[in-house]
1. Sort out which residues of region 92-109 are within 21 Å of Leu261 (Cβ to Cβ) and in contact with a helix residue (DSSP H, G or I) (Cβ under 6 Å, 6 or more places away or on another chain), and write them in order of number.
2. Filter region 43-59 for residues that are free of Cβ contacts under 8 Å to residues at least 12 places away in the same chain and in a helix (DSSP H, G or I); which is nearest to Glu32 (Cα to Cα)?
3. Among the residues of region 21-74 satisfying the criterion of being under 13 Å from Val145 (Cα atoms) and among the small types (Gly, Ala, Ser), which is modelled with the highest pLDDT?
4. Which residues, taken from region 88-145, are loosely packed, with under 15 Cβ neighbours inside 10 Å and free of Cβ contacts under 8 Å to residues at least 40 places away in the same chain?
5. Sort out which residues of region 171-188 are in contact with a Gly (Cβ under 7 Å, 6 or more places away or on another chain) and of a type in the set (A, V, I, L, M), and write them in order of number.
6. Working carefully through the options Ile198, Ile194, Ile168, find the one that is in contact with an Asp or Glu (Cβ under 8 Å, 6 or more places away or on another chain) and either in contact (Cβ under 8 Å) with a residue 60 or more places away in the chain or surrounded by fewer than 24 Cβ atoms within 10 Å (Cβ to Cβ) (or both).
7. Would you check if there is a residue in region 135-142 being at positive phi, over 18 Å from the mean Cα position of the chain (by Cα), at pLDDT below 95 and among the small types (Gly, Ala, Ser)?
8. Condition (residue is in a helix (DSSP H, G or I), more than 30 Å from Arg47 (Cα to Cα) and not assigned by TED's automatic domain parsing to the domain that holds Thr42) applied to region 89-111: is it met by at least one residue?
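The values are calculated or read from the model by the stated rules, or taken from the named source; none is laboratory data. A quick note: this is a predicted structure, and the numbers were derived from the prediction, not measured. For neighbour counting, all protein chains shown are included, and Cβ atoms are generated from backbone atoms with ideal geometry for every residue, glycine included.
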Amino acid sequence: MKFFRHGSSSPQSAKTPVSMQPGVISLKSLQEQARQNHGDATAPMIRALEKGLWPEHLRANAGAVTADEQIRLLRSCVGIVGLGGLGGHIATLLARSGVGSMVLCDPDSFEPSNLNRQAFCTAKTLGWKKAQIAARFLESLGGLVNLKVIDQALTAKNALEILRPASIVLDALDSPGPRLDAWQAAMTLKIPFIHGGISGWSGQVATLTHDGKAQITDIYPQLKAAPEEQAGHGITPQALVSTKNKGMGASQQPKPSPSVLAPAPATIAAIQATEAIRILIGSQPAYKDKLLYWDGKSGSMKIFSL
């Protein structure tokens, strides 16, 4: 095995010919059509699928999803609130799956402590806005995703405006106020809200809908308190504190600065992304009014009713 270091010769990249396989439309052709279509590639991809042609970069999806389901993904818009440990992985997975449009929202910039777990954080992106770097990376996958970039904080005042284009909201936040605001906006817009939280080796996922029984306060009871009281509790999304669920009681009180091991956000983000795809293609959500708890240390997974 040969290792390549900075300054050494790197492996030569093979030239990949434009796909000539039947039933496939090339990435190069789609990119050209997107340029002619003012940057929007979803319409050309949808037209191709309607004619029985799979986009070259999505052809591995065929069989996992039908052409009609892929078209549903292309016509969808996901709102991702938070682009750190969870959000970076979620955005990458959904873009690679062929979701047509995304709203990316995060006011923060990358710092060295993010390097251990955040998909878009590298030594070169330190100090840069997370939302801007996320957009650059997603564009590098072929430039076939429509992006709306919001590099400011989501608040009660702007949540509806930010999330209005979305078909679904993915919660990748790390503070209680914006999480509550994002959930309330999703319920007002009557779109699903997929919650994710992580701590150490573990994490959780829940799907909340406007017509469901569960609310975000069933997972974080302290969010019922006034804002100043919430701050006193030090609530974080990584706090697995649903007092309604056996095995996840008040003894697991949130820590001010919880530790996070890299596989935890990657695993929980994958579960959130899969749930989003399931909903967007028209299937039933797996975690509606439920909370999935994954314990990476023991390898166990449990699902509780909310």
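1. At the first step, the residues of region 92-109 found to be within 21 Å of Leu261 (Cβ to Cβ) are 92-93, 108.
Residues satisfying the conditions are Leu93, Asp108.
2. First pass over region 43-59, keeping only residues free of Cβ contacts under 8 Å to residues at least 12 places away in the same chain: 43, 47, 51.
The next check asks that each one be in a helix (DSSP H, G or I); those that pass are 43, 47.
Working: Ala43: 13, Arg47: 14 Å.
By that ranking, first place goes to Ala43.
3. Residue satisfying both the conditions and the ranking: Ala43.
4. Here is the first cut: in region 88-145, the residues loosely packed, with under 15 Cβ neighbours inside 10 Å are 111-113, 115-116, 122-124, 126-127, 136, 139-141.
Result: Glu111, Pro112, Ser113, Leu115, Thr122, Ala123, Lys124, Leu126, Gly127, Arg136, Glu139, Ser140.
5. Step one: of region 171-188, the residues in contact with a Gly (Cβ under 7 Å, 6 or more places away or on another chain) are 171-174.
Result: Ala172, Leu173.
6. Details: Ile198 fails: in contact with an Asp or Glu (Cβ under 8 Å, 6 or more places away or on another chain); Ile168 fails: in contact with an Asp or Glu (Cβ under 8 Å, 6 or more places away or on another chain).
Among Ile198, Ile194, Ile168, only Ile194 is in contact with an Asp or Glu (Cβ under 8 Å, 6 or more places away or on another chain) and either in contact (Cβ under 8 Å) with a residue 60 or more places away in the chain or surrounded by fewer than 24 Cβ atoms within 10 Å (Cβ to Cβ) (or both).
7. At the first step, the residues of region 135-142 found to be at positive phi are 142.
Within this subset, residues satisfying the condition of being over 18 Å from the mean Cα position of the chain (by Cα) are 142.
If we keep only those that are at pLDDT below 95 too, we end up with 142.
If we keep only those that are among the small types (Gly, Ala, Ser) too, we end up with 142.
Within region 135-142, one or more residues are at positive phi, over 18 Å from the mean Cα position of the chain (by Cα), at pLDDT below 95 and among the small types (Gly, Ala, Ser).
8. As a first pass, look at region 89-111 and keep what is in a helix (DSSP H, G or I): 89-97.
The next check asks that each one be more than 30 Å from Arg47 (Cα to Cα); those that pass are none.
No.
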